[in-house]
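Structure first, commentary second.
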Amino acid sequence: MENAIRDFFMHLSQNKVLNQGAKRWGLKLGAQHVVAGTTIDEMIASIKKLNEKGIACTIDNLGEFVYEKVEATGAKEQILNVIEAIHTNNLDAHISLKPSQLGLDIDYHFCRNNLKEIVTKAKKYEIFVNFDMEDHARLQQSFDLLDDLSADYDNIGTVIQAYFFRAIEDIKQYKNYRLRIVKGAYKEDATVAYQDKNEIDQNYIELIEWHLLNGKFTSIATHDHYVINHVKDFVKKHGIPKEKFEFQMLYGFREEMQYELVIDGYNFCTYVPFGEDWYGYFMRRLAERPQNLNLLVKQVFNKKTNTIIGIGIVAFLLGRMTKRKG
Ligand SMILES: Cc1cc2nc3c(=O)[nH]c(=O)nc-3n(C[C@H](O)[C@H](O)[C@H](O)COP(=O)(O)OP(=O)(O)OC[C@H]3O[C@@H](n4cnc5c(N)ncnc54)[C@H](O)[C@@H]3O)c2cc1C
């Protein structure tokens, strides 16, 4: 059942027609609880509230399926505006971006030039830029972009996804970077990635421990309290100072725990997605934890405007599950 739900929402996350439609709907289906608005002003207001609570932020200008140069250029301009807004508003925030949004699927050098412009402006204001990691098809090229730009910039870092067999080699190679370590959010093939949750969890812990002991700065990005408690014990046992790591969670998830970690004196950073292109991001969140369906179900029954879309999705889901059983 859990796998069926996961596969279903993963499948939906890649649906280009629904993705285009969602841009016109505005924030719907419960996405407003986990996306900090569609405009820069709305996003800034959310970040100010988090900063007031001692929480730093990493800002993601949402966007997927970019195959036109004009769209990638628009995304670049928007990210440059976000950098300006961070500086002007003196926010405790940095940038997270996806290479595919900036044209990786169109042309490597075009994407590299877009990234370079962003990283140059960010460097001027001493703002860090994280290259988020997407699916396996884009993995090596994303590392290549990092390598290319590292020659001239030190304000960049990336993500290690624990489900990949190669993750341990990557973490060793990039140990001198600020790295975010995650379990991994995409559906990957068994030839390149662990499929079993226990194996992923075990590898995740091993990667975190390795980078905490040997790496520059570690962002432990998870909502998993077992992992968080393990890290708390591990850093204590090995005398790793709090300046060497932070916890990260996504906007709108486990907010109580986010504040508790700050109160306990840990560095904490919330990943703040915003923008009209919320659909793929939101579907991946529904895929990774069946309980996140609460976000959607509450909306389906509370808001008339979402009823048709919601019922359609639930019917589709039930239909697929019945077919599988039959
Ligand atoms: C800040 C951040 C940045 C990320 N960046 C990337 C990226 O660049 N590339 C990428 O592939 N992936 C990224 N991810 C997603 C990541 O790979 C995982 O898919 C996602 O975080 C789910 O895994 P998890 O570690 O949170 O725990 P899970 O394995 O989903 O959950 C483990 C356990 O934690 C508890 N739990 C989890 N969520 C909740 C909740 N909401 N409420 C209560 N209990 C809960 C439950 O007990 C659950 O069984 C990012 C995640 C975060 C937090």
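As a footprinting exposure proxy, order VAL262, VAL66, VAL192 by other Cβ within 10 Å, with the fewest listed first.
Fewest to most other Cβ atoms nearby, the residues stand as VAL192, VAL262, VAL66.
Give me the percent of Cα-Cα pairs in the stretch 36-277 that sit more than 21 Å apart, rounded to a whole number.
Working: 16562 of 29161 pairs.
Looking at the stretch 36-277, the distances longer than 21 Å represent 57 percent of pairs.
Would you mind checking which residues have amide H under 5 Å from TYR271's amide H? H placed 1.01 Å from N; only 5 or more apart, or other chain.
Distant-sequence amide H within range of TYR271: THR58, MET249, LEU250, TYR251.
Please report the spacing between the Cα centers of the stretch 107-124 and the stretch 51-72 in Å, no decimals.
15 Å
Distances over 18 Å make up what percent of all Cα-Cα pairs in the stretch 189-232?
Percent of Cα pairs beyond 18 Å in the stretch 189-232: 32.
Step through the residues of the stretch 50-65 one at a time and calculate ³J(HN,Hα) from phi using the Karplus curve (6.51 cos²θ - 1.76 cosθ + 1.60, θ = phi - 60°), rounding each to whole Hz and writing x for Gly and Pro.
The phi angles translate into 5, 4, 4, 8, x, 9, 7, 9, 10, 9, 10, 7, 4, x, 9, 6 Hz.
Quick one: which residues, 5+ away or cross-chain, put their amide H under 5 Å from the amide H of ALA193? H built at 1.01 Å from N.
PHE165
What's the Cα-based Rg to Rh of the stretch 89-148, Rh via Kirkwood?
Details: Rg = 11.9 Å, Rh = 12.0 Å.
My calculation of the ratio gives 0.99.
Modelling each spin label as a point 7 Å along the Cα-to-Cβ direction, I'd like the ASP196/LYS116 distance in nm, to one decimal.
That separation, rounded to one decimal, is 4.6 nm.
Which of the peptides 233-240, 149-156 is most tightly packed, and how do the rest follow, judged by the mean count of other Cβ atoms within 10 Å per residue? Intermediate results must be reported in sequence, preceding the final value.
On the way: 233-240: 11.6, 149-156: 15.1.
Those peptides, ordered most packed to least, come out 149-156, 233-240.
Each reported figure results from applying straightforward, stated rules to the coordinates on display, with no laboratory input. These numbers were taken from a predicted model, which means no experiment stands behind them. Every residue, glycine among them, receives a Cβ derived from its backbone with ideal geometry; neighbour counts consider all protein chains shown.
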